[in-house]
Amino acid sequence: MSDTLTRSEAGGGTPPASGPWPIELDDVTVRYPNGVVALKNVSLSIAAGEMVAVVGLSGSGKSTMIRTINGLVQPTGGRVTVGPHAVSELRGRALREARGDIGMIFQAFNLADRASVFHNALVGRFAHMPTWRTMLGLASAEDREMVMRSLDSVGMLEKVWHRAGALSGGQKQRVAIARALSQEPAVMLADEPVASLDPPTAHAVMADLEDINASRGLTVLVNLHLMDLARQYTTRMIGLRAGEVVFDGPAATATDADFEAIYGRPVQARDRLGE
Ligand SMILES: Nc1ncnc2c1ncn2[C@@H]1O[C@H](COP(=O)(O)OP(=O)(O)O)[C@@H](O)[C@H]1O
Ligand SMILES: [Mg+2]
């Protein structure tokens, strides 16, 4: 193709971001069309390279916060900034390009079960490929190498030609992490990534996220239902209750009183995940 076209003019390909990004929420309110206020005047600064857990009951606003950070939900008040992008003000192609640098991991993995592990992880590269190449199914040698390296870093290289649907839950989540890593993101957002996994597998996936943060220096924000995991794997914990930040500090220093502020009741044995 012609060198005179920029990657963007050629159909959507933009180079990945060069380093980890900070995340800023400035007085963010989200009111859904049905009147539910899912976030109320939330202000947060997450530094580049920080690993943060967001904990809270179901319905406290954790998913809304993540969707607001990657621009899937527009705040009705306030401003969200991710690295150089004023995400809450972006639309269309500018928003898609910003999202190309934001890795996402979901509770339900969101893989194409009938496709191979390789093809699932390759989807992450689409964020930086011109549309015409994506449509032709063309991956460059560089794209393929990035996918293999991502799969290797989560221990999934030996399953590369397996069907994603045939994998265990923990393996699927690792492929989803590899897909996000193939994107070469500047921040990684994970929405209850271990909620469907048994305790040992949940620990293994949390350890993968911890490693991504430590070895790549990526900013990681992970929603968790259980405070236990936040304590073990992150230094900073943000507690949400009914859309408001009720705790923000080192996870290890959270007391039983803090637990009660977040969950609205005293801590019990069932709040522990186990080993
Ligand atoms: N698309 C939506 N439309 C209307 N209300 C929503 C929508 N998504 C979430 N909510 C409501 O917003 C609140 C926060 O939800 P959510 O962000 O999913 O919390 P969490 O992830 O902590 O369970 C809940 O009351 C939920 O019912
Ligand atoms: Mg949720």
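A few remarks follow.
- Förster radius 22 Å - calculated FRET efficiency between Ala141 and Ser215, Cβ distance, rounded to 0.05: 0.35
- For the chain, with all protein chains in place and a probe radius of 1.4 Å, 52% of the accessible heavy-atom surface sits on carbon or sulfur.
- The modelled label-to-label distance for the pair Asp152/Arg114, using points 7 Å beyond Cα in the direction of Cβ, is 3.2 nm.
- Rough spin-label spacing in nm, given labels placed 7 Å along Cα→Cβ, for Arg265 and Ser168: 3.2
- The Cα-based radius of gyration and maximum Cα-Cα distance (Dmax) for region 109-184 are 11.3, 34 Å.
- Packing order of peptides 71-78, 57-64, 174-181, highest average first: 174-181, 57-64, 71-78 (average count of other Cβ atoms within 10 Å over each peptide's residues).
- Taking Cβ atoms as reference points and 12 Å as the exclusive limit, the residues near Leu240 contribute a net charge of +1, counting Lys and Arg as +1 and Asp and Glu as -1.
- Within the chain, DSSP assigns beta bridges of which about 50% are antiparallel (rounded to the nearest 5).
- Using C-alpha pairs below 8 Å separated by at least 6 residues, the relative contact order for the chain is 26 percent.
- Bins of 5 Å, starting at 0 and running to the largest distance - Cα pair percent for the chain: 1, 6, 12, 16, 18, 16, 13, 9, 5, 2, 1, 0, 0
- With the convex hull of the Cα atoms taken as the outline of region 150-204, the averaged projected area works out to 4.0 nm².
- Under the criterion of Cα pairs below 8 Å and six or more residues apart, the relative contact order for region 109-184 equals 54 percent.
- Applying the criteria of a DSSP loop state and at most 16 other Cβ atoms within 10 Å to the chymotrypsin sites (Phe, Trp or Tyr not before Pro) of region 120-219 yields Trp161.
- Taken along its three principal axes, the alpha carbon spread of region 70-111 comes to 31, 20, 18 Å, from the longest extent down to the shortest.
- Rolling a 1.4 Å probe across the protein heavy atoms gives the chain an accessible surface of 45 Å² per residue.
- Peptides 97-103, 108-114, 219-225 ranked from most to least packed, by the mean per-residue count of other Cβ atoms within 10 Å: 219-225, 97-103, 108-114.
- For the chain, the longest principal axis of the C-alpha atoms and the axis of helix 199-216 are separated by about 60°.
- Over region 163-241, the hull volume per residue, using the convex hull of the C-alpha atoms, is 99 Å³.
- Counting only DSSP H runs of at least 4 residues, each contributing -39500 (n - 2.57), and dividing by the residue count of the chain, the helix-based mean residue ellipticity at 222 nm comes to -9500 deg cm²/dmol.
The values are calculated or read from the model by the stated rules, or taken from the named source; none is laboratory data. This one's a predicted model, so the numbers in the text were calculated from it and none came from an experiment. Glycine gets a Cβ as well: all are built from the backbone with ideal geometry, and neighbour counts include every protein chain shown. Protein only, heavy atoms only, side chains kept; ligands, DNA and RNA dropped before computing areas. Shrake-Rupley method; radii C 1.70, N 1.55, O 1.52, S 1.80 Å.
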